[in-house]
Each structure stands twice: as C-alpha cells, then as structure tokens.
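This report refers to the structure that appears directly beneath it.
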There are 4 protein chains.
Amino acid sequence: MAGNSTGKVFRVTTFGSSHGPALGAVIDGCPAGLKLSEEDIQRELDRRRPGTSSLTTPRGEMDRVEILSGIFEGKTDGTPIAGIVRNRDVDSASYSNLKSVPRPGHGDYTWRVRFGHYDHRGGGRGSGRVTIGHVIGGAVAKKLIGTHGIQVNAHVVQVGDIRADRVNLKLIGEYAERNPVRCADPAAARLMEKAILDAKEMGDSIGGVVEVVALGVPAGLGDPVFSKLDAELAAALMGIGAVKGVEIGMGFEVAEHHASEINDEFYISGGEIRTTTNTSGGILGGISSGMPITARIAVKPTPSISLPQRSVDLEMMEETGIEIHGRHDPCICPRVVPVAEAAVAMVLADHMIRAGFIHPTDISKKENDG
Amino acid sequence: MAGNSTGKVFRVTTFGSSHGPALGAVIDGCPAGLKLSEEDIQRELDRRRPGTSSLTTPRGEMDRVEILSGIFEGKTDGTPIAGIVRNRDVDSASYSNLKSVPRPGHGDYTWRVRFGHYDHRGGGRGSGRVTIGHVIGGAVAKKLIGTHGIQVNAHVVQVGDIRADRVNLKLIGEYAERNPVRCADPAAARLMEKAILDAKEMGDSIGGVVEVVALGVPAGLGDPVFSKLDAELAAALMGIGAVKGVEIGMGFEVAEHHASEINDEFYISGGEIRTTTNTSGGILGGISSGMPITARIAVKPTPSISLPQRSVDLEMMEETGIEIHGRHDPCICPRVVPVAEAAVAMVLADHMIRAGFIHPTDISKKENDG
Amino acid sequence: MAGNSTGKVFRVTTFGSSHGPALGAVIDGCPAGLKLSEEDIQRELDRRRPGTSSLTTPRGEMDRVEILSGIFEGKTDGTPIAGIVRNRDVDSASYSNLKSVPRPGHGDYTWRVRFGHYDHRGGGRGSGRVTIGHVIGGAVAKKLIGTHGIQVNAHVVQVGDIRADRVNLKLIGEYAERNPVRCADPAAARLMEKAILDAKEMGDSIGGVVEVVALGVPAGLGDPVFSKLDAELAAALMGIGAVKGVEIGMGFEVAEHHASEINDEFYISGGEIRTTTNTSGGILGGISSGMPITARIAVKPTPSISLPQRSVDLEMMEETGIEIHGRHDPCICPRVVPVAEAAVAMVLADHMIRAGFIHPTDISKKENDG
Amino acid sequence: MAGNSTGKVFRVTTFGSSHGPALGAVIDGCPAGLKLSEEDIQRELDRRRPGTSSLTTPRGEMDRVEILSGIFEGKTDGTPIAGIVRNRDVDSASYSNLKSVPRPGHGDYTWRVRFGHYDHRGGGRGSGRVTIGHVIGGAVAKKLIGTHGIQVNAHVVQVGDIRADRVNLKLIGEYAERNPVRCADPAAARLMEKAILDAKEMGDSIGGVVEVVALGVPAGLGDPVFSKLDAELAAALMGIGAVKGVEIGMGFEVAEHHASEINDEFYISGGEIRTTTNTSGGILGGISSGMPITARIAVKPTPSISLPQRSVDLEMMEETGIEIHGRHDPCICPRVVPVAEAAVAMVLADHMIRAGFIHPTDISKKENDG
C-alpha cells in the first residue's frame, strides 16, 4: 500500500533509504509564483544534518540538495518540485551482522514481517535519514506559509528529567539555535547537554520532549470531522520516528482540571477575537482559533545503543544477544527539532490552501480573478 | 473541503448535526460476506447513548439505527452500508441565546469563522452527537476485525487526580462495563463517580484519561512513512472532540528514560516472536509488532458548564457574559469509551485490508483464488 | 475497495441498490451559504424517474428525496448533505430465476465473481437505479456552479442510425425537454421515437449517442497531468452504465485530419481570448479554455431484452437459455441525459473549487478575507 | 492542486518538464519481492524515445534512466521506487518567440491562465516528454502484472483515413514492432508511413487511432460505481496528450445496434466462463469479465506545425501570426503506443492489488499467511 505521501492539496511524496543511492521528495500542489531556491531547502537540511556537534552521530554526510523540477526563473511554476540528496558516507559493513537479528526498539522486525524482502542496512527506509524527505517538503511549506506571516519553530523542552523554563514564544526560534541541544532556556540547555554526553559515555541514549509553536496562523484552518487540524498535526508528529506521544495545548494536564479552571474565555483586542488563556493550543473544535498553535511530542531514547541486549535470530529462530556498533545519536531530540517544524509546516501549508487562504494554483491570484 | 471521511480502503463517511433531521454513516469498502445486523450496530450505539446514568446528559434519545443499504440476506454484499439515526429530543430553544455568543472551550467561534453560515443549535456538527457516525462505522469495523480475533476495549483510567490501578488487559472490557464510569478498577470507579457528581453539583465538569487496548492484532499492519499505524491511530483519537493528547505505549514517560531501561527485548514463545516488555505499545517503526496495542487519550472537561463565563457577542463585537443552560455531561469520559473503541477499530479494519490480512472484496476468499 | 465516492474536494459518496430499502448520496465539501432545497434535487430526479413516457420502463417509482443533513435555514452550512430516496415498487419475483444465470451484457457475472455474496435482485447495485445517487450529487453541483453562470445540458443526438442535426448550443436544454426522446432536433426526435418503439415491439432495445455541453466554464480548470479536466470527465462519463465510448470536442474524427485543418486558432473578442473553431471541445492540455465544453458518449442498447438468449447456470456450471421478463427501457438514452449532466456537473463543481474559482468553505467569501 | 499522481494503491507520481534538469517518477505501493532492474525500464523508454526513425522528432535524447531508490539486491523492497531521466538536448532558443504567443492546439494558453508563472519552453510540463514519467511507472506495472501472466500491447490501427486490418490479438505486440509506424498490419503500415511523410513534407501533421489490448486479465477487477475499471482506463487514456476520444470494446458502434445483435452471450470452455463475442471489450458493469480488454483512442495531429497560423500575443493583447520551428513529430501515434500501454498497465497493476489478486506488500505472500 502506498503510504509515502502526505497532505491532500499540498502533497509531499518521499522516497529513499539509508544506504540506497539517494533520498528525496516530490512536492505536488505548491502554487506557482513562490520564490524558491536550493538554498531555502539547504538551510533546513543543514539543521537536520548529522555530525554538526558532539551530540550527534558522526556519519559524515553533507546532504546537498539538488532540485530537479518545478522551478522556473527562480519561482515555482505550479508543477511538482522534486529534490534529491545523494547518500555518500554509507557504511553498510556495520549492519551485516544485523541482517537477521532485529534491533530492540527498532522497526527491523516489523518491516521484515510486512515486506519480506527488506533492506536492513542502516535501518533501510526505517532510518532517521528518511526525514530528509520531510525536511525538503517542510522547507517548501515554510516558504509558502511564510508569505502569509506564519512562522513555525520547535525547541527541546525536556531531556530525561531536566525540564526547560518557558520562554516567550516569539524568541524560541532564535534562542534554541544558540546551543547544540536546541533548548531555548540556556541554563537547562547546559544540564541537558551534560545528560546527553553522560548517556553517550555509557553507550546508552536518553529521551526527551520537543515543543513546536506556530505563530501567525489565522482562525479557520481545519476540516471537521475526520481531517481536523489537531488530528492531522497529531498524525504528522506521531509519524516521526521515536515519537510516542503528542499533546496539543495543555495536553494531558487537562485530565486533572475542571472546565471552570481551563476554559479559554474570549475577549476583544484591537478588533480581533482572542482568548485570555490558550489551554486549547490554538485549536477549538478541530479548527484554528487564531491563537498560537502549540504542540509537544514525547521522543524516546534512540533505540540503537552499544550496550548488550537480547534479541532473536529470525533465520535460526533462536534467541541471541546483540551489540550495535554503528554511529548513533545519544539523544535524537535536537535533530527532531527541524523535522517537527517541517511536519507542522506541511500540515499548515496544506490547510492554508484547503481553507482558501492561499490560492491553489497561483499565489499572486485572489479567488475569482481567474 | 471534504473532511468527513476516514480510512483509505475501509472508508467511513459521516453526516448529520445535533439538531438536524438525522445523523449517520456510510461505510464503503467493507468486503462482502460479513454477517451483520442492525443489532450489531445498536449494541454499540446504546453504549454511547445519553441518559443512561446520573453521570450523563439527560437528553432523551433512543438513537435507533436503521440500515438503508449494503446488507443482503443477513450479510454484507460489498456495496456501501448506510446507517441512519434520527434526532428526536431536540431542544433548540436552549441555544437561541448562544447564536452570536461562542461558548468558551467549544468550536462555536472557529466553525463560524470557517463556514460563515453555521448551525449553532446544540453545537451543530461540532456536537458530541456526531460521534454516532463514528460508532456506526466502528461497529461494522469491530465485526469485521472480530472475524480475525481482534478485540478493542477502552476504559477510563483517570478522572481529575484519581488514577485507576492496572488491570489484566483481557479483563478490561468486561470489568469496565460494570460501573457507570466505565473504569475497570472498581475501587477507583467509586472515587471517580463521586468526583464527577461533585463537579455536576457545582455546575462544573471534570477531565480524565481513557485507555484503549487492541488484542489479537497481527504483526505487520501500518504503511510507512506517512500512514504509519501509530500516526493514523493518533489522528483518529485526537480527532475525537475534547481530546488534547494521545500516547502510544509508555507515552510521555519515555522522555525520562534511557534506552537500556525501556527497549523492548525480543524472545520466542511458542514459536512466536514476542517482546519481554511492551513500552512501544505494540507498534515499532509505525508497524504493529503482534504485541497488544495500547493508547491513552487526554479528555478535557466538557466545556459546557452552567457557571458564568466571559465571552464575546460576535454580532455586536462587544464582550459579554454567558451562562449555558443546556443538558451536558459533567464528565464525558465514560461516553468517550465506545467512541475511542470505534475510532481504533476503524483504523484497524482499514489496515487489516490494506496489509492483505482481509481480502478486499470477499471475506471468504484467499488471495489469488479469484 | 471503496469505489463509491467521486471528486477530490466536492466529494460525492453514493449508496443503495435496486431492491434494498433506499438509495442516496452524501455530498461532502459543498461550501456553506448555497441556497438549496429538496425541490432543487427533486426536479432533477423527476427527469431521471421511470414511467414518465412509453419509452421508459413502467416501474412505478415516485423517487421522492428527503434531505437528512447539511441544510440550515435554507442554505448549505458546510457540513455533509445527505439525501435519500426509498425504493417502493420493488418486484423481486421477476428476478428469482436469474439468481444463478447471469444476463448477457449485464454485470451480473462480474459482480458475482468480485463479491461472491451478491444482491442479484434487479441488478442490485449494478442497476440503473444507482444513478439516483449521481443525480442527487449532480443537482447540488448544478446549483453550486450555477452561481458562477455555468450551465450543463445534455441531449440525445443519435439513436440507431438516426442522427440529429446540430442545434445552437444555448437552446439544447430547452429544446431537448420538449419530446420524450430528449433530442433537441424535433424532426430527428420523431424518427428516434419510432425506432425505439419498434425495438420495444420486438422485445429488443436500441443504442444511441448523448451529447453534453457545458456553457460558461471559465478558462483554467483542470489539474495536469493525471487529473486533467478531460480525463476526469472521461472517467465520470464512461462510468455511467451502458456507456462504451467518450469523445471530447471533435472526438474520433480528429484521426482523419491534418493539424492545419483542425487546430483551433486564437483571436480576441471583446477583450477575451477565443478560438475560431472548437474542435478541442473547450479543453487544451487538459485545462479548460473558456470555450464551450462538449462531450459525446456512446450508449449501448439496454442489455435486458425479452428475446431468448444463451447464458450459463453458474451453480450447475452448464449452459442454458435465458428470457428476461422484468420492466426495462427499450432505449436508455433519454434517461441517461440527466445522469450525464449530473456526472459533468459534479466534475465541474469539484474543479471550480480546486482551481480557486469557488471558495472551499464559504461561497460568500473571497480568498484571504478569512 | 496536486494532480501529478495516479492510482490508489499502486500509485505513481511524476515530475519534470521539457527543458528543466530532469523528469521522473516515484512508484509507491509496489509490493516487495518483484525482480526489477534499470534495464526493465530502459527497454520501455527506448520505445518512447525520439529520433529513432524519420517519423519522429530529431531531438537527440538518449533518455537513460537512473533508479534512486526502492530496489535491494535486484528486487523491490516495498519502498518507493524513484527513477529519473535527465534532459540533455535542450534547445530553448526555438521557443523564445513563443513566450507570449500560445501555439494553436497546445496547452500554452490554458497553462498560462491556470498557473500565471509558466515554463513555456518546449511546452514545459505540457510537453510530450512528460510521458517519460508514465513510461517509467508503466514499466514497473508491466513487470508486476506480468508475474500473473497479463500482457499489454498497443498498436496503430488508423492514420488519416488509412485503417489497418484486424490481427490476432496475441500477435499485435510482435507485429507492431516490425515497422516504424507500429501498425501490426504490414500493408497498412506502408501506406500509413507514406501518409505521415507526406504530412511532414508539407510542414503539417496527421492524426490516427491507437488500440490497446490487455490479455490474461482475470475476471473481477474494478470498483463500482465511481472507480470502475472502464472509467479508470478512460481517464488514464484520455489524459494522454492529444487524445480526444476513448472507446472500450465496440465503442461508438454500439449506438447503431440492437441488443439482440451485440449482447455477448455466455458459454463454458474448459471449465471457464467465456463470451461468444466480446463487444463489451472485456468489461461488464465496470468489472473485468476475463475476456481480452480492448480500448481504442483517437489521437489528434500534433498541433506543432511549421505552416503559418493565427494566434494572439497575450502581453500586447493583439492578434498575430505564428510559425513554429521546433522539432516535432508529424504523427505522434507511433510514440503514443508505449505510453498507452503504460497507462493501461498502471491501471491494471493498481486494480490487481485492489482486487486482492496481488498481495499489497509482498508478492511472495498469499493473504492471511502474515
């Protein structure tokens, strides 16, 4: 079954595996007239790229994007935008002993059950490298919704039991990029960095929480009842590898409250409808309210660790030990940040067109001018 | 934009509003040959129906389903199954004063922004009554996946700060139906009931957490990378009204752990691959692993409360107070239980066909017998 | 597999069979604010209804539509519009002897192979009654595109070897309704009527050609390269029962020409781009050109005839004779007219939203007013 | 709007323009375990390639395909297969004078209206080169359905007023490849070749008809009522550039007949249900019958001709003459042959999975083995 596309109108299809020739994305449904260059995409890929700090895997990939179609004279022309990144630093040898022994916590076993013939090298298409496609799609989405003043930023708000203090939503993007953890609270960032390096030292890895914030989203995005904005954000975020939970607004804390405590009350400010609080995270009845959209995702510790673990040899059908000696991230949260932004940006771009805020074929057009 | 359908192959489209003539669902893509009766659907609707205990709204609806198509001689015939429920006890008068004043925490404001001309009565299609469509679709889905031994049960595991003890997964369904809270832990159920009645007494409402468990799901369901099983479950669950968070398996707790603590290790039991723990909630790499699927959702307190709140008159564009005197549930969790089961069952039915476990047109056929 | 929906944004799902309780349609994605009543739909259903002349089957169905949802205060409210028609004059006895003997030229055999358990009565969902769903969807589509001045009319242009003379495109709708054949050329209509009655007299049936014309369609509709306007029109028209060919513009005659003879040349008229001829039928490169859209469909003679034919008993797996004594149309073309209009109107409504000419959620809105 | 994908389960997305860096396709939903090499695709591309005879444009493209993903150890692995072809012999200069003057019979004008910013060079994505994507997708589809014995062959049956004699369906593929016209009747082929060269000599072009035949298709493919096999074939074929008509089986000739003359009667042969004739072209009620599937398409003369024509300068909004001096095919029919095969093969591959004949994820699996 085809599952490698996302979005209804702004539709992104991705392809490629960890150790194959290339990875990439085709963005179909981006209206014509949007200024777009390879640099716009490269900037986001560089944020996702491995090897940029001691907190990430040392796999030495430059991840240079090449655009194959969809751009004419520096602008989108309404046809599909295809972007590819070639794999360079492929080290398949590390994976030869894993061919029939699935790594605990990874999709090796389930992919093999599903597809039979499965490219196990580097996790194949189950690898985190697959998010290169997400980031290419997200970079185009960011550019598109940026024309309407929408900004999407993510940051790491928890690593292990270390929690960041809250930061003004408008500063998250800038502050988070100042440290390798991508935590907007500098004091917490230092503690988080230490926790991650400790885990690395032990041959282990550690989990965390990433928050995504979208500012400037107009009221009125979301198709009830099965394509609500929160439902599609949840799918986009839960679908990122290693994510085990998604919250919108106050999230699980709502369970402990009475409505009288957490209902967001309406008021008028400068002729606009606002709410006094934003426990709903900018989404009411599945439709954006015009308040900031906030979501948090739980990211599990990278399952690839060098400590000895128990597994099963699927050929021999016998239990066996496993030690994993590839190159892995001791905490994947910092690199989830640009991927989570991309996931949210793609959903918003799709809904901005679906809700009629962006013209479906030509961004310079208003409706009915045709 | 069309947003009232869910599923790719087992596809459910719903319609209807709180105060219109009828609500219903069309199930397209259910294979032929499945035994199905109105009673199969009625049983699930009765679990969702209001007025069955002091914990629910007294709106007196019998919610009788009528099947209009798709059944021949007691079995599905491969054509769309349409089921409808007529609204009877409509009390639109309570809503006349709400026409231009959106209720805090509800979708009134956002639906109005989106659609302009909006049926505000009883929340229109933003009402909880819309889940009648979910339950009709879910009842057919349950019947279909039941032919392969899959069972989906939900129960309330938290109300306010009261948390239930864990119960053997196989007993959840039976135990939860023994009390009006639908909590499988009877001691916690009594405390929860009191907390709900206390909230009702105060004209307030209270939130909670519902857990859904699917047993008997084979390994191999889920289409990576954008239609993963966990991503689609997250969308289905987050899309239920009042839900603000979704967790799979260990959920947000993974953030506090090292991989060495929570990686599920593989072993062999009776010739089957199992894992020693199930922190992944039965899904690895977006594909089911054969272990039980577990998900939890955060349910906010019903936003309709009789206590005075602040809002805005959208016609006058001035701030105003609001008091809501309809009939509402002081805690919606017990009635979310059958809806959450329906949501999960529809996703599983769709994936069982998509993954080739159930023949797409004729349940009596094996592939290639054609 | 789900196949009972059509359209991407203006999306129509239909259900129901010839001898089941009811047939109907759910229209999802119609924007809010469109004036719509049961009469708008009934008018079109009455044109499709049997028993209105000696040329049609005498099955006595009134085909009254009931709208169950989606209308509030006389206008659409952006939620799904469900309309149903109950079957009344069901005569299943005529079909009992056909249970295991497929009628030549019908889908009995293929539906049975596909679904195993198949409602053979009256052809089940393979019956022409299923176009009630098309007409309900088409009536809403016509109303929607009518707000932008688009009109869709069809007429019978050939029955057997009798061909109608060409008529001014603007008069087709009016002229065609003046005779039971629905042929806009009155002289040809008389000959066609005689040919149909002759066929009826012989216990036989006769084929024909129906032409559909859409006036007022703006330039710019159609999504290349796989969702072109002509491709989607072809699917919609070929999908009508009994249709074996579809032509756009000049159709098969283009094969006999040189480009210099049939290329439509551009000129300017009143500030608008027009073409001197319209061999392309209003579609160039899969996108509407602003010229009238013209399509023709080949309709085979109704396969149900009372003359003796050869078939096979599928239970006994032996050859046998078959005589069909139900109530059938000696030429289905007149009743295909409203169905073909509906099919084209649904495609145009979908594309008008997809191309940004009609706002996706609120017809009173221009883009970016949100 | 996204329109560059086709198929529901076997889903092909294409990209690229005539004068951009590359063209290509991503095939998502091809099950794992299918033997596939670049040669399988190259063979089909070579049949579509220009410059192979005096009947085709001399544009000198080798059209070498590179597979970027989806193949592991010589077999598909269930992940998307991306194939690209780089443009080499780009001659954009010929098109500079066409920037604001749309070519009659081409999509230049309509693409410009739709997208505003439009890559006019070589027709952009409206160019016939775009069918490279179709052929890549079709080559994979052919390989997949070939594992079940299905063969798809096309041939030219008419050029201008020259019609080919009928040929045994099994020999079409072999015979058609013996001459540059791709007509299986060698006598007609010689006349057709002369007619094409005459048109070329005059600076003109000529139309024709291509027939596609699929052998070995099992009974039971097709999803009624809106995704019928004939409806989806019609869309796939009408969507090929220059096609203005599609017929299934007897096509438009059915209009002239009585049912008693053309109903296909059933009989039994070797335990299989067959029909004595095949006027229905292998499809009854929208579902395949097990008889050969036959379709014909009307192909208009290539609109690019060097003879002077009238057009309009869209910048100046004034009428003007146009002469086209690029490199063009005097009759596109021979090169439509592999494209039509590809279009049909993609539809069949999709339906073979949708109908349960091919396992959706692993071709070595039978259903329920999971």
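The values are calculated or read from the model by the stated rules, or taken from the named source; none is laboratory data. For clarity, every value in this text was computed on a predicted model and none was experimentally measured. FYI the Cβ positions are ideal-geometry reconstructions off the backbone, even for glycines, and counts take in every protein chain you see. Heads up: the accessible areas ignore ligands, DNA and RNA and are worked out on the full protein's heavy atoms, side chains in. Shrake-Rupley method; radii C 1.70, N 1.55, O 1.52, S 1.80 Å.
Data for the structure
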{"read-out": "Formal net charge of residues neighbouring C:Gly203 (Cβ-Cβ distance under 15 Å; K, R +1; D, E -1)", "value": "-3"}
{"read-out": "Spherically averaged projected area of the protein assembly as shown from its Cα convex hull (nm²)", "value": "48.2"}
{"read-out": "Dipole magnitude of chain D, debye to nearest 20 (Cβ charges: Lys/Arg +1, Asp/Glu -1, about Cα centre)", "value": "560"}
{"read-out": "Whole-Hz ³J(HN,Hα) from phi, Karplus 6.51 cos²θ - 1.76 cosθ + 1.60, for region A:346-353, glycine and proline x", "value": "5, 4, 5, 4, 4, 5, 4, 6"}
{"read-out": "For D:Val65, distant residues with modelled amide H under 5 Å away", "value": "none"}
{"read-out": "Net charge over other residues, Cβ less than 13 angstrom from the Cβ of B:Leu36 (K, R count +1; D, E count -1)", "value": "-1"}
{"read-out": "Pseudo-label separations to other copies for C:Thr277 - Cα-to-Cβ vector, 7 Å, nm", "value": "3.4, 7.3, 7.7"}
{"read-out": "Radius 9 Å from Cβ of A:Pro224, net charge of other residues (Lys, Arg +1; Asp, Glu -1)", "value": "+2"}
{"read-out": "In Hz, Karplus ³J(HN,Hα) per residue of region B:336-343 (6.51, -1.76, 1.60; θ = phi - 60°; x = Gly, Pro)", "value": "6, 3, x, 6, 5, 4, 4, 4"}
{"read-out": "Helical mean residue ellipticity (222 nm; -39500 (n - 2.57) per DSSP H run of 4+; nearest 500) of the protein assembly as shown", "value": "-7500 deg cm²/dmol"}
{"read-out": "Eligible aspartates and glutamates near D:Lys99 by straight Cα distance, threshold 15 Å, same-chain separation 8 or greater", "value": "A:Glu73, A:Asp77, D:Asp91, D:Asp108, D:Asp119, D:Asp313, D:Glu315, D:Glu318, D:Glu319, D:Glu323"}
{"read-out": "Label point distance in nm, B:Arg166-B:Asp313, each placed 7 Å from Cα along Cα→Cβ", "value": "5.6"}
{"read-out": "Accessible surface buried once D binds A (1.4 Å probe; total of both sides; Å²)", "value": "4000"}
{"read-out": "Rounded to the nearest 10 Å², the accessible area of B:Lys300 at probe 1.4 Å", "value": "30"}
{"read-out": "Solvent exposure ordering (accessible area, 1.4 Å, most first) of D:His155, C:His117", "value": "C:His117, D:His155"}
{"read-out": "Pairwise centroid distance, computed over Cα atoms, of region B:224-255 with region A:253-317, Å", "value": "10"}
{"read-out": "In order through region A:276-293: 3J(HN,Hα) via Karplus (6.51 cos²θ - 1.76 cosθ + 1.60), integer Hz, x for Gly, Pro", "value": "5, 10, 9, 5, 7, x, x, 9, 10, x, x, 10, 4, 9, x, 7, x, 8"}
{"read-out": "Probe 1.4 Å, accessible area per residue of the protein assembly as shown, Å²", "value": "31"}
{"read-out": "Label 7 Å beyond Cα on the Cβ vector: B:Glu318 copy-to-copy distances, nm", "value": "6.2, 8.5, 8.9"}
{"read-out": "Residues of region B:170-208 with amide N under 17 Å of the 7 Å Cα→Cβ point at B:Thr52", "value": "B:172-185, B:193"}
{"read-out": "Carbon/sulfur fraction of accessible area - region A:5-354, other protein chains in place, 1.4 Å, %", "value": "49"}
{"read-out": "Chain A, Cα convex hull volume normalised per residue, Å³", "value": "154"}
{"read-out": "Of the GluC sites (Glu not before Pro) in region B:44-102, those whose Cβ has at most 13 other Cβ within 10 Å and which sit in DSSP loop", "value": "B:Glu73"}
{"read-out": "Distances in nm from A:Gly74 to the matching label points in the other copies, shortest first (labels 7 Å along Cα to Cβ)", "value": "5.1, 5.4, 7.4"}
{"read-out": "Other-chain or far-sequence residues with amide H under 5 Å of A:Gly29's (modelled H)", "value": "A:Arg11, D:Gly3"}
{"read-out": "Probe 1.4 Å - accessible area at D:Asp198, Å² to nearest ten", "value": "70"}
